[in-house]
Amino acid sequence: MKIQNQQHWIERARKVLPAGGFGNFDPSIVISHGEGAHVWDEDGNEYIDYLIGSGPMLLGHGHPEVLEAVSDQIGRGMTFFANNASGIELAEVICEAVPCAEQLRYVSTGGEADMYAMRVARAFTGRDKIMKFEGGYHGMSAEAQMSLAPTVLIDFPRAVPDSAGIPKAVRDEMLIAPFNDAAYTQDLIAQHGDEIAAIIVEPLQRIIPPVPGFLEMLREQCDKRGIVLIFDEIVTGFRFSYGGAQEYFGVTPDICALGKVIGGGFPLAALAGRTDMMAHFDKDQVGAEGFLMQLGTLSGNPIASVAGLKTLEILRRPGTYEKLLATGTRLMETFSDHLSRNGHAHDIVGHPTLFEAVFIDKTVRNYRDVISADASKMASFNKALRKQGVFKSPGKVYPSLALTEEDLQRTSEAIAKAAAQI
Ligand SMILES: Cc1ncc(COP(=O)(O)O)c(C=O)c1O
């Protein structure tokens, strides 16, 4: 018998949480627990999970080996503030895996990693301007909130703040370019190159792949003009491949931001990069003037570190990424087949490890393409999928390594029904 108590939690949430939730996700669902590739809501409904905690649970929920590592650590202490061996070991493992990572600093969230990456670039170059791409997501800092999801489309390179409470001065230091527009981006760099501290980019912008040569062009321009190239690999790190999108695309940034997978489901993120840039965190190397203060109570937390270490160890096992790519490719094809059969114009945008079916009749190349798609059809499709037991974010499908053959078949049936209903 089902325990009918989801509504109860929704009502309690409304009283104590603004907008009735944590700000992240539709507050009309309250998750009770997760196991493998499945989650259950507080009414006992089961879903195949394609949200996977917005990315971290690449191995699925409650992987037994991660649980064992975490349980062992919990018994030995939850947080120390001081250095701990697991955090040091995890830093070594990340620096070995990620091409740009010579050294790293821990923080607790991806947004902080991005914020410090931009700050390091400013400290290193002595310049103030940051270039970002419209629709690019880099957390919640004032800079990152510029032209993240603008509803009013103004002329580039002016920024539109997506949040209240941001001083106008921040906007003046931002340059916004359309993702995948190499000609425009190059012109902007030609005009402002000597003022730009950093170009920050998601190598896969939300779900949109870079057109061939785009990342290479950014690398070349940054080298030419002394600009720091930051890859935001919060999502793509250890997902696109073990070395992330920089390894996958063969373009190495100066600094990258990592999060999600590296904490194995616990709050841990990092910025990693060139030693000469990371030196700004060391007063002995750069002096008081160049020093970048960075502290965080939970930075390098041992529980997150052991969860991350075990997660990365499992990801290194032979065949892991082949399996993830095969699963994702099959899912992309499944979405496309059912949508085509039901006559829905769409573009499957992304990479097998992270993608979305966008209702549009052209190839998506940038943010303006995404917002020109049929949003109400998308919402209906997501709703129908949820009813059929497929749990996903409104704009992404995250495959996990815990998905079984049965899950994939059930997903296909759910997609078929949802595609027929909308
Ligand atoms: C590309 C990217 N950057 C930064 C962030 C922010 O990470 P966090 O939510 O851990 O602050 C996210 C979160 O989804 C992200 O997808």
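The values are calculated or read from the model by the stated rules, or taken from the named source; none is laboratory data. Quick caveat: nothing in here was measured; it's all calculated off a predicted structure. In this analysis, Cβ positions are derived from the backbone assuming ideal geometry, glycine residues included, and neighbour counts consider all displayed protein chains.
Hey, can you tell me all the residues within region 225-253 that are crowded, with 24+ Cβ neighbours inside 10 Å and away from the ligand (no atom under 14 Å from the Cβ)? Correct list: Ile227, Val228, Leu229.
Looking only at region 326-344, decide whether some residue is assigned by TED's automatic domain parsing to the domain that holds Met115, of a type in the set (Phe, Trp, Tyr) and either touching a residue at least 12 places away in the same chain (Cβ under 8 Å) or at positive phi (or both). No; the residues of region 326-344 include none that is assigned by TED's automatic domain parsing to the domain that holds Met115, of a type in the set (Phe, Trp, Tyr) and either touching a residue at least 12 places away in the same chain (Cβ under 8 Å) or at positive phi (or both). Of the residues contained in region 293-304, none is found to be in contact (Cβ under 8 Å) with a residue 60 or more places away in the chain, loosely packed, with under 15 Cβ neighbours inside 10 Å, touching a helix residue (DSSP H, G or I) at 6+ places or on another chain (Cβ under 8 Å) and not aromatic (Phe, Trp, Tyr). Ile130 fulfils the conditions (1) touching a Phe, Trp or Tyr at 6+ places or on another chain (Cβ under 9 Å); (2) within 16 Å of the ligand (Cβ to nearest atom); (3) aliphatic (A, V, I, L, M) except for a single criterion, (1).
Has region 62-81 got any residue that is under 22 Å from Arg206 (Cβ atoms) and among the aromatic types (Phe, Trp, Tyr)? No, because not a single residue in region 62-81 is under 22 Å from Arg206 (Cβ atoms) and among the aromatic types (Phe, Trp, Tyr). All of (1) under 21 Å from Gly243 (Cβ atoms); (2) within 15 Å of the ligand (Cβ to nearest atom); (3) out of contact with any Asp or Glu (no Cβ under 8 Å at 6 or more places or on another chain); (4) in a helix (DSSP H, G or I) hold for Tyr116 with one exception: (1).
Which residue out of Gly226, Gly259 is on the phi > 0 side of the Ramachandran plot and small (Gly, Ala, Ser)? Among Gly226, Gly259, only Gly226 is on the phi > 0 side of the Ramachandran plot and small (Gly, Ala, Ser). Please work out which residue is nearest to Leu59 (Cα to Cα), limiting yourself to region 4-34 and to residues that are part of a strand (DSSP E or B) and under 22 Å from the mean Cα position of the chain (by Cα). It comes out as Gly34.
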